[in-house]
Amino acid sequence: MLTIKAPAKINWFLEVKGKRPDGYHEIETVMQSVSLFDEITVSDADTLDLTCNIELGDTKQNLVYRAAEILQREHAPSRGAHIVLKKQIPHGAGLGGGSSDAANALVALNRLWGLGLGHDRLRELVAQVGSDCAFFIEGGTALCTGRGEIVTPLRDLAGLDLVILYPNDVCPTPAVYRELSQDLTFDTVSCYLFHKLPAQPRAEEIASLIKNRLQEPALRVSARLRAVWDRTAQMDGKLVQFVSGSGSSVVFLLADQRSADHLSESLRAMQLGQVFAVKTLPRGAVWG
Ligand code: C5P
């Protein structure tokens, strides 16, 4: 039996380069794993099955199940596994919870079944179930391009303090991209400055590079997110606030843990949604 922790992510940077013939958007995004986790336990069984602490709907449509099925079909046709998923990362939040679960389930099954597959192969397999799944095979800090599935590791920006506020409303990713598609005539910007960051940059240096092309569309899609954004915009103590990916989470970057604790307390008192004080993570699986 093996347990792995599946981290959430935030996006330090997200630019949309254009629409592709397959309907997806060409993007350039800098993703970052953070210390808010789902947990996945895998153990040997005759067939594949998945249980969860919350209602999943049709289990076979779940990304974890679909990824496990692909791995089994391609590399372990005679094996099965009992997979238990404990969810904590909110859904529809721009935090990549479902994608992280799928990727980390493959990392765990690769070990349980003794397959010895490399990260490139695991990324290739898991990208079949979602655009941002491949990032979560290793997490850390990475530039993701294509539709999000081409992952290039960047120097780790680990140990930084963030507060994540989930405003209790989902932002469906397709709706946010549709909202953006009204206007694809903007001048695109590049994330090249992330390559130039010094080792262990101060939070202030990162704050000045943060940008998310999906932020305005997300704020238009969710009135609840807009209301929460407006309520928090003038709050003291943060370096910057931004929407994670396609939303609906608002992320606050702080200079240190004391400021993060202080802001978390104020946000909880305001009862705007779920509040998570987290740290950015280095690359690598987190075994439970
Ligand atoms: O790949 P995934 O299933 O996670 O994507 C969900 C939806 O988000 C897609 O169906 C598409 O509408 C939108 N999307 C996009 N361009 C991307 C990633 C996602 O248009 N690069």
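Quick rundown of the values:
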{"quantity": "The range 15-33, subset within 15 Å of the ligand (Cβ to nearest atom) and open to solvent by less than 10 Å² (accessible area, probe 1.4 Å), residue nearest to Asp101 (Cα to Cα)", "calculated": "Met31"}
{"quantity": "Test set (1) surrounded by fewer than 24 Cβ atoms within 10 Å (Cβ to Cβ); (2) under 14 Å from the mean Cα position of the chain (by Cα); (3) not hydroxyl-bearing (Ser, Thr, Tyr) - Leu112 fails condition number", "calculated": "(2)"}
{"quantity": "Scan of the range 115-130 for residues that are open to solvent by 40 Å² or more (accessible area, probe 1.4 Å) and either touching a Ser or Thr at 6+ places or on another chain (Cβ under 8 Å) or not in a loop (DSSP other than H, G, I, E, B) (or both), ordered by number", "calculated": "His119, Asp120, Arg121, Glu124"}
{"quantity": "All positions within the range 210-230 that are of a type in the set (A, V, I, L, M, F, W, C) and either under 11 Å from Gly247 (Cα atoms) or surrounded by fewer than 17 Cβ atoms within 10 Å (Cβ to Cβ) (or both)", "calculated": "Leu214, Ala218, Leu219, Val221, Ala223, Leu225, Ala227"}
{"quantity": "Set Cys171, Cys133, Cys144: member being within 16 Å of the ligand (Cβ to nearest atom), assigned by TED's automatic domain parsing to the domain that holds Leu263, crowded, with 21+ Cβ neighbours inside 10 Å and at pLDDT 95 or above", "calculated": "Cys171"}
{"quantity": "Counted residues, the range 68-101 - those being aliphatic (A, V, I, L, M), under 16 Å from Leu2 (Cβ atoms) and open to solvent by less than 50 Å² (accessible area, probe 1.4 Å)", "calculated": "6"}
{"quantity": "Counted residues, the range 48-87 - those being at pLDDT 95 or above, β-branched (Val, Ile, Thr) and either in contact with a Pro (Cβ under 7 Å, 6 or more places away or on another chain) or assigned to a helix (DSSP H, G or I) (or both)", "calculated": "2"}
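The values are calculated or read from the model by the stated rules, or taken from the named source; none is laboratory data. What you see is a predicted model, and the numbers here were worked out from it, not measured in a lab. Reconstructed Cβ throughout: ideal geometry from the backbone, glycine too, with neighbour counts over all protein chains shown. Surface areas here come from the heavy atoms of the whole protein model, side chains and all, with no ligands, DNA or RNA. Shrake-Rupley method; radii C 1.70, N 1.55, O 1.52, S 1.80 Å.
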